[in-house]
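Read through the structure below, which is laid out as structure tokens, and then see the notes.
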Amino acid sequence: MTAKSQKHWSGDVRALLRVGKGFRLSKVDPAATPAYGRSKKHAADDLIAGSDELDELQERLYAQSRMPADEGQEPPSVLLVLQAMDTAGKGGIIRHVVGSVDPQGVELAAFKKPTPEELEHDFLWRIEKRLPAPGMIGVFDRSHYEDVLIGRVRELAPADEIERRYGAINDFEKKLTDSGTRIVKVMLHISPDEQKARLMERLERPDKHWKYNPGDVDERELWPAYMDAYQTVFERTSTDWAPWYVVPANRKWYARLAVQHLLLNTLEELDPQWPPADYDVAAEKERLAAT
């Protein structure tokens, strides 16, 4: 199923971006635009068209959840997980893609360094507290995957604990999808050179100094280790119920369009419906006309 606004795609974007058997992150070109042969200008038009569709689907999802569900079945929700190296464009996805829908229907969680209280619990404790409610689109700006990415690279936990977490994540996500939440996991993939250019821009523009973190340079020195950690994440946690999608992100306009496409197709498959009126519409028209 393909959204009307996505008619210019030349192939199955989800299949092209999905992490499957034999996937190698090192083989992905961060500057590529899989299945999209149009220009940046055309991409802007397509993004606007997709925004209108995404907005309606989100409202239908929310409205449907306001009605009583079948016994034992929660109304569905969607969870968008965004992971990436710094400057890859997570904020742009949130502003330009997710930001096109009614904010009342979105729950955003940005996971930073764990607090002392969070460190006293299992790594999934703080994640479970921020899951989207029925009818909502949840967005994780970073997520539980930090605990097997930076946790592994920076050796913030013993190796056996990191190993345990892969299985815990799979079990957690299976339980989540079984309860009615569709998970869309996206890694925005940029090149080291592109990240360097974006960091330099932040230093050259006073209006972007606030976005610069000197620690980002330290993390760049660990780039190969992070790529290895991501490869392991994909191999261990890209499942049938919650697959990973790797989106080339050197071109911000493509990344935004691709993530929008993934969300549109997920919502179209859910096919949320406007709830029927629980009152006599004709009678209410007569009553209103008489006032």
Problem - Gly11 vs. criteria in a loop (DSSP other than H, G, I, E, B), open to solvent by 20 Å² or more (accessible area, probe 1.4 Å) and free of Cβ contacts under 8 Å to residues at least 60 places away in the same chain - result: yes
Handout entry: Failed criterion for Asp171 (all others in (1) touching a Phe, Trp or Tyr at 6+ places or on another chain (Cβ under 7 Å); (2) over 20 Å from Lys113 (Cβ atoms) hold)
Key = (1)
Problem - Any strands (runs of 3 or more DSSP E) falling wholly within the range 74-151 and containing at least 1 residues that are hydroxyl-bearing (Ser, Thr, Tyr) and either touching a residue at least 12 places away in the same chain (Cβ under 8 Å) or in contact with a helix residue (DSSP H, G or I) (Cβ under 6 Å, 6 or more places away or on another chain) (or both) - result: 77-84
Practice task
Would you confirm whether any residue within the range 90-105 is under 25 Å from Thr237 (Cα atoms), in contact with a strand residue (DSSP E or B) (Cβ under 9 Å, 6 or more places away or on another chain) and open to solvent by 80 Å² or more (accessible area, probe 1.4 Å)?
Solution key: no
Exercise for the section: Considering only residues that are open to solvent by 80 Å² or more (accessible area, probe 1.4 Å) and either assigned to a helix (DSSP H, G or I) or touching a Lys or Arg at 6+ places or on another chain (Cβ under 7 Å) (or both), look in the range 152-162 and name the one that is farthest from Gly92 (Cα to Cα). Expected result: Asp160
Practice task
Output yes when any residue across the range 42-62 is farther than 30 Å from Met227 by Cα, aromatic (Phe, Trp, Tyr) and surrounded by 17 or more Cβ atoms within 10 Å (Cβ to Cβ), and no when none is.
Solution key: yes
Practice task
Scan the range 106-136 residue by residue and report those that are open to solvent by less than 10 Å² (accessible area, probe 1.4 Å) and within 30 Å of Ile48 (Cα to Cα).
Solution key: Ala109, Gly135
Exercise for the section: May I ask you to verify whether Asp29 is acidic (Asp, Glu) and in a loop (DSSP other than H, G, I, E, B)? Expected result: yes
Problem - Answer residue from the range 14-37, given it is among the small types (Gly, Ala, Ser) and open to solvent by 40 Å² or more (accessible area, probe 1.4 Å) and is nearest to Val259 (Cα to Cα) among those - result: Ala15
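The values are calculated or read from the model by the stated rules, or taken from the named source; none is laboratory data. No experiment lies behind these values; they were computed from the predicted model shown. Note: ideal-geometry Cβ built from the backbone for every residue, glycine included; neighbour counts use all protein chains shown. These accessible areas exclude ligands, DNA and RNA; they are computed on the full protein's heavy atoms, side chains included. Shrake-Rupley method; radii C 1.70, N 1.55, O 1.52, S 1.80 Å.
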